[in-house]
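Report on one structure; see the data block that follows.
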Amino acid sequence: MGTSENPIYLVAETDGGVILEGESSLAISGEYIIVEGFVFQNGFTPTSEVISFRTEEGVCNHCRVTQCVVDNYNPNERFDSDYWVALYGRNNRVDHNSFVGKRNQGVLLAVRLGDEADRENYHRVDHNYFGYRGTLGSNGGETLRIGTSHYCMFNSNTLVEANLFEQCNGEVEIISNKSGQNIYRYNTFRNSRGTLTIRHGDETTINNNFFFGSGLAHTGGIRVINAKQTVVNNYLSGLQGYRFRSALTVMNGVPNSPLNRYVQVTDSDISRNILVECANVGLAVGSDAERSATPDRTTFTDNVFYRKSGGSLFNVFDDLSGITFRGNLLSDGLKPLQSTGFESREINLEDVGNGILLPSGLAVSDSIRRGIDLMATAENTGASYYEMDVQEPFFATGKTIDVSPGTNTIWEAVRSSSRGDVLRLTAAGEYRTTKSIDLPHPISVIAAEGLAEKPTLLFEKTTLFNIENGGSLMLRGVKVDGKACRDRPLNAVVRTSRYSMIRNYKLFIEDCDFTDLDINHSFNVLRVYKNTFADSIVLRNNRFENVSGSVLALDRETDDIGVYNAQSVVVENCLFDDIGQEAIHIHRGGRDESTLGPMVTIKDCTFDEIGGDKRNRTGASIRLHGTQVVQIDGCIFDDSKPVALHLVVGEPVVDITNSVFSGGTKLVDNGEPYRTAGLKRDLTEPMTSLNGRAIGTRLE
């Protein structure tokens, strides 16, 4: 046992000089132990925790982990769950560590309250860097959690102070507060698609935190649930999230709520916060037959809202009579929530450094200003000696490799490539492969500029490109012909790994032609497998003709627990002609609300004779099940099976506009509401929308 005067040190001889790889973990217990300078990388924990403040002998008290690194320390299976840090005991500290690249399910840093010895713990989590965490596409992607719903009635008394959260996109709850009397202050959130969420527990204080969304979609701020919460003196800028990811969200609750649901917001104070160029503030969010308890005995005072474009900021989902609004200021042009408690006036912003713009001449700005010197930055957080390479999928950042027509020339070029390289096809002609091309890193395959014809890709195996763990693909300006493929069912131009992929991938296909993918049944353009996930899929300016299967089949997560295969799918100016099964099939089952995807945009496309194959199990030309955001605009659906919507959890935002459903093609749904405008039933020439704009694909 150490003492406060003579602690026990477990320290690397040089910071970062001890690297723990393979199946390594660290568990400590006792009093006054300091662990410093270790790096975990190139492996994963053989237990459920990488760093644990508990062993079989007991827990830690007055112990510290500092200047350590956990970098991309993940198992091979996406849904094998673990913690990177598990805090037990009392009066422990986790500070000046770097955590980046957690990709599997499980909270990164968890404060555990399972035993009496773990409660009212007064832990301190400060000056850590929490780096990139990609979208998990499931519940369980929190970066930090204090408590669980089972123990949420206990107080933790944990201080979370001056940590930097950057690109923490795992799920809606970046921080999940699930216990009482915790304090969050001076933390900085940058470009993170989620919120600091008071999910359970009372008497939480959130003050002097800084949120920067940089105008990125789905970046969020603070979400309030439960009683006696204090949210004051926070700065929120450029946040674009909606509903659960709004800049400020006040939830509805469940009457007599069980522990794992939503306790009514009562006796809470939301004051002196400054919101600059944020998209949404949500009040009484989540109102439905179950969540019918509106906020009560809550004050919303002296907040400042600035948005140059004006317009509507507040989204109200239920009665707000239980909230007292007083002294809130709006910049000119912003629509007041109500006449009482809001004043519109000219607001001038002053640049005070660190990317912060404060309204000049207001006392509330002074409250924010006093916290700037203490806010988390890249300079005062993380292990001081460690520079991390996030290595996320990105294209065209490496060298260019010229590839000539011939047999296996693309395969050979990929073998000699590195991350971000571009394979430039230098001439028209045939590029034939007799072997499937495995992609272990992001690769671009593009036609050289100025070619008279598109290079033709032929392949003799069942797939052309295999996106393996860590891989991504950009395909541009080529023709893919399926006539040389093996005469087998279930062929695909692109497929993901058959095994779990811990890294998310991207697929961009632009200015390409796909033809004669029909040598046997169920020939897809893209075939995915369970436990694989795309951050984004973009199809733009392509032709898909004579395909016996589907173009995009993102439908392998069928357990209906909120897991899905792709976050964002964009399809623009594409022609789909004679597709045997669904042109697009996306499935997200279950009623979990911790994620926001999938998001789907289908614009200026033509779908002709889609879905007629007898093996089309859904009987649809497009099947969107559980998608959260859908925009279909300027499209033609002719002589095709129905466009089928199955809308479930999360109040999905669905707009279908300026489109034609002809030749017996129907738009069908499960009875949930969505918006339509400018829909037509007759296909005439030239086809225009109600505003005179041409619709359907405009390929030359």
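Readers should treat all values here as calculations from the given coordinates under stated rules, not as data from a laboratory. Since this is a predicted model, take the numbers as computed values, not measurements. Cβ sites come from the backbone with ideal geometry, for glycine too, and all protein chains shown count toward neighbours.
Just want to confirm a number: the relative contact order over the stretch 550-685, from Cα pairs under 8 angstrom separated by 6+ residues, in percent. Intermediate values should be presented prior to the final figure.
Numbers: 400 pairs, mean separation 27.6, N = 136.
Relative contact order of the stretch 550-685: 20 percent.
Just need the relative contact order of the chain here, percent rounded to a whole number, with Cα pairs under 8 Å and 6+ apart.
Answer for the chain is 6 percent.
Where Rh is the Kirkwood radius over the Cα pairs of the stretch 550-685, the temperature 4 °C and the viscosity 1.567 mPa s, what D in µm²/s does Stokes-Einstein return?
Using the Kirkwood radius from Cα pairs, D works out to 88 µm²/s.
Treat the stretch 201-252 as a sphere of radius equal to its Kirkwood radius over Cα pairs and apply Stokes-Einstein at 37 °C in a medium of 0.692 mPa s; give the translational diffusion coefficient in µm²/s, rounded to a whole number.
It diffuses with D of about 290 µm²/s by this estimate.
Debye calculation, C-alpha points only, no solvent: report log10 I(q)/I(0) for the stretch 1-171 at q = 0.11, 0.12, 0.20 Å⁻¹, in the same order as the q values.
Log10 I(q)/I(0), no solvent term: -0.41, -0.50, -1.47.
Output wanted: per-residue J couplings in Hz (rounded whole) for the stretch 521-536, from phi through Karplus 6.51 cos²θ - 1.76 cosθ + 1.60, θ = phi - 60°, x for Gly and Pro.
6, 6, 7, 9, 6, 10, 10, 10, 10, 4, 6, 10, 8, 9, 5, 7
Can you work out ³J(HN,Hα) from phi for every residue in the stretch 262-269, in order, using Karplus 6.51 cos²θ - 1.76 cosθ + 1.60 and θ = phi - 60°, giving whole Hz and x for Gly and Pro?
So the J values, rounded to whole Hz, are 10, 7, 4, 6, 9, 6, 10, 10.
Taking the stretch 351-436, which GluC sites (Glu not before Pro) meet the DSSP loop condition and have no more than 16 other C-beta atoms within 10 Å?
Glu379, Glu387
Can you sort Asp373, Asp578, Asp71 by how many other beta carbons sit within 10 Å, fewest first? Write out the running numbers ahead of the final one.
Numbers: Asp373 8, Asp578 16, Asp71 20.
With the fewest neighbours first, Asp373, Asp578, Asp71 line up as Asp373, Asp578, Asp71.
Pop out the Kirkwood hydrodynamic radius of the stretch 193-347 from its pairwise C-alpha distances, inverse of mean 1/r, in Å to one decimal.
The Cα-based Kirkwood calculation yields 15.1 Å.
With charges set only on the Cβ (+1 for Lys and Arg, -1 for Asp and Glu), what does the dipole of the chain come to about its Cα centre, in debye to the nearest 20?
Dipole size: approximately 760 debye.
Please work out the FRET efficiency for the pair Ser81 and Asp639, using the Cβ-Cβ distance as r and a Förster radius of 35 Å; give the result to the nearest 0.05.
0.15
What are the extents of the Cα atoms of the stretch 360-433 along their three principal axes, in Å, largest first?
For the stretch 360-433, the Cα spread along each principal axis is 71, 33, 16 Å.
So for the pair Thr434, Asn408, with labels modelled 7 Å out along Cα→Cβ, what separation do we get in nm?
0.6
Pick out, in residue order, every one of the chymotrypsin sites (Phe, Trp or Tyr not before Pro) in the stretch 15-72 that is DSSP loop and has at most 11 other C-beta atoms within 10 Å; say none if there are none.
Passing sites in the stretch 15-72 do not exist.
Pop out the Kirkwood hydrodynamic radius of the stretch 519-561 from its pairwise C-alpha distances, inverse of mean 1/r, in Å to one decimal.
That comes to 12.1 Å for the stretch 519-561.
How many nm is it between the label spots at Phe394 and Ser416, if each spot is 7 Å from the Cα in line with the beta carbon?
Modelled inter-label distance: 2.6 nm.
Percent relative contact order of the stretch 275-428, based on C-alpha pairs within less than 8 angstrom and at least six residues apart?
Rounded, it is 15 percent for the stretch 275-428.
So what's the gap between the Cα centers of the stretch 239-254 and the stretch 350-390, to the nearest angstrom?
The two parts, judged by their Cα centres, are 24 Å apart.
Taking the chain as the region of interest, what is the percent of Cα-Cα pairs per 20 angstrom bin, listed from the shortest bin to the one with the maximum distance?
Once binned at 20 Å, the Cα pair distances of the chain give 17, 45, 32, 5, 0.
Taking the stretch 258-368, how much of its Cα-Cα pair set, in percent, is spaced more than 22 angstrom apart? Spell out each step's value before the answer.
On the way: 2271 of 6105 pairs.
Value for the stretch 258-368: 37 percent of Cα pairs lie more than 22 Å apart.
For Lys435, give me every one of the lysines with a C-alpha distance below 25 angstrom, ignoring sequence neighbours fewer than eight places off in its own chain.
Qualifying lysines at Cα under 25 Å: Lys399, Lys454, Lys461, Lys479, Lys483, Lys506, Lys530.
Please give every one of the aspartates and glutamates within straight-line cross-link reach of Lys228, meaning a C-alpha to C-alpha distance under 19 Å, and leave out same-chain neighbours fewer than 8 residues apart.
Glu120, Asp202, Glu203, Asp267, Asp269, Asp296, Asp302
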